[in-house]
């Protein structure tokens with residue numbers, strides 16, 4: 001059975017998953033699909049050892065599979081997420097978080113963070129010693145928190161199911177937070193955005209980083225000489241931070257500190273789109289390469305060159321192997337075992353629907 005005939009029997013057979021190979025004469029399907037939003041997954045039937053040399057049509061013969069067949073997920077402790085009911089839930093260590101903060105099912109991936117507040121479930125007035133840095137305060141409830149000492153300002157709540165946040169710069173010293181009214185599930189953390197809630201009691205607490213490593217089969221598809229990749233996600237950017245949407249020890253898909261999409265394999269030149277992308281929007285980020293070079297597309301912008309990248313080692317979603325993260329909510333990852341046309345790549349590099 002050919003890849004196209006097999007594709008017609010699964011969800012991956014619809015036109016959205018088909019693409020025209022560069023220099024080809026007929027469309028082909030993907031080798032792997034991680035559709036988190038619809039909780040459906042598929043992977044090539046071929047053994048890992050056969051993937052590097054197989055024809056794209058052979059790799060497009062897929063079978064439906066579980067999330068775990070595509071992603072090996074680890075996190076050394078519990079972490080919270082927002083469920084479909086709008087409430088905060090706790091995920092066990094090494095369990096992925098399928099979060100509904102944005103009104104749909106997405107995979108929440110984050111780096112480490114520390115909640116500096118004590119007894120955060122029901123906050124009371126307290127002081128915290130802080131170094132000079134940028135911080136974000138967040139909470140649920142109808143009360144307010146007023147800052148004094150190392151910084152000044154105030155934050156008022158809008159209800160028990162609405163999270164509010166305030167980002168500010170503090171000098172080194174004691175930061176006093178005076179609480180009035182109902183302030184629940186409060187968090188004070190370094191950085192310019194509020195990450196997922198970290199419960200505390202009598203001391204500060206740290207949420208360890210998520211690790212979503214592609215399984216051997218999925219990673220082997222990425223390591224082929226010719227491949228196309230699409231990642232769709234919502235990224236809440238932080239000022240001055242690099243983002244690794246997908247990486248090894250190097251960047252397969254990333255955003256630099258100016259929010260410009262980029263790729264670097266550690267050997268060839270840096271490929272970068274000339275302008276940065278907008279904040280706080282759903283994005284589709286695509287890249288494709290073969291022996292003739294590579295192409296990148298995102299938010300209506302594209303760039304390419306004649307370098308054929310080569311990536312080795314473990315492949316991660318939402319981070320790289322060097323501790324660089326792309327915190328955010330991930331909708332879908334699709335890997336095609338061939339380089340698609342530039343036109344198809346640009347068309348597919350769109351937000352998840």
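Read-outs: derived from the displayed coordinates by stated rules, not from any lab. Since this is a predicted model, take the numbers as computed values, not measurements. Cβ sites come from the backbone with ideal geometry, for glycine too, and all protein chains shown count toward neighbours.
Given 0.36 nm per residue, what is the gain on full extension from residue 312 to residue 223 after removing their alpha carbon distance, in nm?
That works out to 31.4 nm of additional length.
When N counts the residues of region 197-285, how does its alpha-carbon radius of gyration compare numerically with 2.2 N^0.38 Å, as a ratio? Spell out each step's value before the answer.
On the way: Rg = 15.9 Å, N = 89, 2.2 N^0.38 = 12.1 Å.
Dividing the Cα radius of gyration by 2.2 N^0.38 Å gives 1.32.
Given springs between every Cα pair under 10 Å in a Gaussian network model of the chain, which of 185, 94, 102 has the largest fluctuation?
Taking springs between Cα atoms under 10 Å, the residue moving most is 102.
So for the pair residue 156, residue 76, with labels modelled 7 Å out along Cα→Cβ, what separation do we get in nm?
4.3
In nm, to one decimal, how far is the modelled label at residue 89 from the one at residue 292, with both set 7 Å along Cα→Cβ?
Taking the simple label geometry, residue 89 and residue 292 are separated by 4.7 nm.
Looking at the chain as a GNM with Cα springs under 10 Å, which of 254, 13, 202 has the largest mean-square fluctuation?
202
I'd like the projected area of region 288-353, averaged over all directions, using the convex hull of its alpha carbons. Report it in nm² with one decimal. Can you show the working numbers first?
Values: hull surface 21.9 nm².
Result: 5.5 nm².
Could you tell me how far the Cα centroid of region 22-41 sits from the Cα centroid of region 199-229, in Å?
Between the Cα centre of region 199-229 and that of region 22-41, the gap is 21 Å.
Be a star and scan region 162-180 for residues whose amide nitrogen sits under 19 Å from the point 7 Å along the Cα-to-Cβ vector of residue 190.
Answer for region 162-180: 166-176.
Using the reciprocal of the averaged 1/r over all distinct C-alpha pairs, how large is the Kirkwood radius of region 243-287 in Å? Working shown, then result.
Values: mean 1/r = 0.0921 Å⁻¹.
In region 243-287 this quantity evaluates to 10.9 Å.
If you look at just the Cα atoms of region 113-207, how large are its Rg and its Dmax in Å?
11.6, 33
Could the peptides 282-295, 150-163, 50-63 be put in order, highest first, of the mean number of other beta-carbon atoms found within 10 Å of their residues? Walk me through the intermediate numbers first.
Working: 282-295: 21.1, 150-163: 15.0, 50-63: 18.2.
With the highest mean Cβ count within 10 Å placed first, the list reads 282-295, 50-63, 150-163.
At a Förster radius of 30 Å, what calculated FRET efficiency corresponds to the Cβ-Cβ distance of residue 343 and residue 321, to the nearest 0.05?
For R0 = 30 Å, the calculated efficiency reads 0.35.
Between 214, 28, 20, where does the largest GNM mean-square fluctuation fall for the chain, given springs only between Cα atoms within less than 10 Å?
Maximum fluctuation in the GNM of the chain, among the listed residues, is at 20.
From the convex hull of the Cα coordinates of region 66-141, what is the mean projected area in square nanometres? Intermediate values should be presented prior to the final figure.
Numbers: hull surface 28.4 nm².
Averaging across all directions leaves 7.1 nm² for the Cα convex hull.
Mean separation of Cα pairs under 8 Å and 6+ residues apart, divided by the residue count of the chain: what relative contact order is that in percent? Don't jump to the answer; show the numbers that get you there.
Values: 990 pairs, mean separation 66.6, N = 353.
Answer for the chain is 19 percent.
To the nearest µm²/s, what D does Stokes-Einstein give for region 166-219 at 37 °C and 0.692 mPa s, using the Kirkwood radius over alpha carbon pairs as Rh? Write out the running numbers ahead of the final one.
Values: Rh = 14.9 Å.
D, rounded to a whole number, is 221 µm²/s.
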